[in-house]
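J.: Here it is, the structure in full.
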Amino acid sequence: MTMHDTQADAMLKMAREVLAAQPFSVLIGAELTEFAPGKATLSVPITNQLKQQYGYVHGGVISYAADNALTFAAGTAFGTNVITSEYKINYAAPAVGECLIARATVIHAGKRQAVCRCDVYAVKDGQESLCATAQGTINRLGGENP
């Protein structure tokens with residue numbers, strides 16, 4: 001294992017601890033699967049409780065996945081002291097399958113805010129299908145960054 005691998009493992013462990021401190025994330029079973037400079041990937045298992053009346057994943061759950069992935073991606077630039085300022089989401093297709101995967105990247109990070117992009121996919125039978133795309137502005141909060 002290289003020093004880079006050790007640092008990456010430590011970053012992912014720390015980010016997973018932050019996610020575990022979010023009661024809603026724990027409630028829906030969200031998991032951070034990637035946390036590296038400029039990017040983050042979040043997965044959410046699709047359960048019946050997360051669906052709307054037509055059997056699709058509720059838009060609020062898709063929106064949650066995008067928002068949290070955007071914020072975690074920005075956290076790779078700013079540390080854990082971040083909060084979403086705004087974001088926009090476009091739903092591309094209904095989400096059906098076994099899980100959602102939200103992949104976010106930092107487009108630009110300044111001193112106090114980062115602009116990030118996220119694509120959300122529904123995974124069914126091993127195949128990913130784009131269900132939404134989002135863009136957001138994430139602000140660094142005042143004070144020290146851990």
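Each reported figure results from applying straightforward, stated rules to the coordinates on display, with no laboratory input. All of these numbers come straight from a predicted model, not from anything done at the bench. When we count neighbours, we look across all protein chains shown, and the Cβ atoms used for this are built from the backbone with ideal geometry, even at glycine.
J.: Okay, helix-only estimate at 222 nm for the chain: each DSSP H run of n ≥ 4 adds -39500 (n - 2.57), divide by all residues, round to 500 deg cm²/dmol; what do you get?
T.: So the helix-based figure for the chain works out to -10000 deg cm²/dmol.
J.: Next up: Going 7 Å from the Cα of Gln52 along its beta-carbon direction, which residues of segment 116-136 have the amide nitrogen within less than 19 Å of the resulting point?
T.: 120-123, 129-135
J.: What's the longest uninterrupted piece of the chain once you rule out the trypsin sites (Lys or Arg not before Pro) that are loop residues per DSSP with at most 13 other Cβ within 10 Å?
T.: 1-110
J.: Amide H of Ser85: which non-local residues (sequence gap of 5 or more, or other chain) have their own amide H closer than 5 Å, using H built in the peptide plane?
T.: Answer set, sorted by chain and number: Thr137, Ile138, Asn139.
J.: If you line up the long axis of helix 59-78 against the longest principal axis of the chain, both from Cα atoms, how many degrees apart are they, to the nearest 10?
T.: 10 degrees
J.: Cross-link candidates for Lys51: which lysines have Cα within less than 27 Å, leaving aside residues fewer than 8 places away along the same chain?
T.: Answer for Lys51, where 27 Å is the Cα cut-off: Lys88, Lys124, listed by chain and number.
J.: Exposed loop GluC sites (Glu not before Pro) only (DSSP loop, at most 15 other Cβ atoms within 10 Å): please give the longest stretch of the chain free of them, not including the sites.
T.: Longest site-free region, per DSSP loop and neighbour criteria: 1-97.
J.: Could I ask something else about it? If the cut-off is 19 Å between C-alpha atoms, which lysines fall inside it for Lys13, apart from same-chain ones fewer than 8 positions away?
T.: Lys39
J.: How far is helix 3-20 tilted, in degrees, relative to the longest principal axis of the Cα atoms in the chain, given as a value from 0 to 90 rounded to the nearest 10?
T.: With both axes taken from Cα atoms, the answer is about 60 degrees.
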